[in-house]
Amino acid sequence: MNVRDVSHDDYEVVMNMASPDTFRDGFDYLPAKFHNYVDDPDTMFLLWEVDGEVVFLHVLFLQDGGQVICLKTMRAAKKCK
């Protein structure tokens, strides 16, 4: 298992994890926020890979200089549900 920061190159992989189960009121905000999350130094955007395949992602916001961590979203690959 490998855990790493998300990069802009991961956009398609992350979008392929979307499903109606991850939408809120029929809207998935992650496509609109993806690049902002990658660039924001106060956001931890992490991918979990198993055998080179992305199976899980986590988006966390850091506050108070990293003293507080707030979970924004997480997603699992369909085969892991």
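The values are calculated or read from the model by the stated rules, or taken from the named source; none is laboratory data. The model shown is predicted, which means the values in this text are computed figures rather than measured ones. Cβ coordinates were reconstructed from backbone atoms using ideal geometry, including for glycine residues, and neighbour counts include every protein chain displayed. Heads up: the accessible areas ignore ligands, DNA and RNA and are worked out on the full protein's heavy atoms, side chains in. Shrake-Rupley method; radii C 1.70, N 1.55, O 1.52, S 1.80 Å.
Before moving on, here are some points about what is shown:
- Equivalent ellipsoid, the chain (semi-axes from 5 times Cα gyration tensor eigenvalues, Å): 20, 16, 12
- Taking every protein chain into account, the accessible area of the chain amounts to 65 square angstrom per residue (probe 1.4 Å).
- Estimated inter-spin distance, Phe27 and Arg4, nm [label 7 Å along Cα→Cβ]: 3.3 nm
- Within the range 55-72: backbone nitrogen closer than 19 Å to the Lys78 label point (7 Å, Cα to C-beta): 55-57
- Along each principal axis, Cα extent of the range 42-81, largest first, Å: 36, 18, 10
- Packing, taken as the mean count of other beta carbons within 10 Å per residue, orders the peptides 56-63, 9-16 from highest to lowest as 56-63, 9-16.
- Distance between modelled label sites at Asp64 and Glu12, nm, 7 Å Cα→Cβ extension: 4.2 nm
- Accessible surface of the chain [probe 1.4 Å, protein heavy atoms]: carbon and sulfur percent: 50 percent
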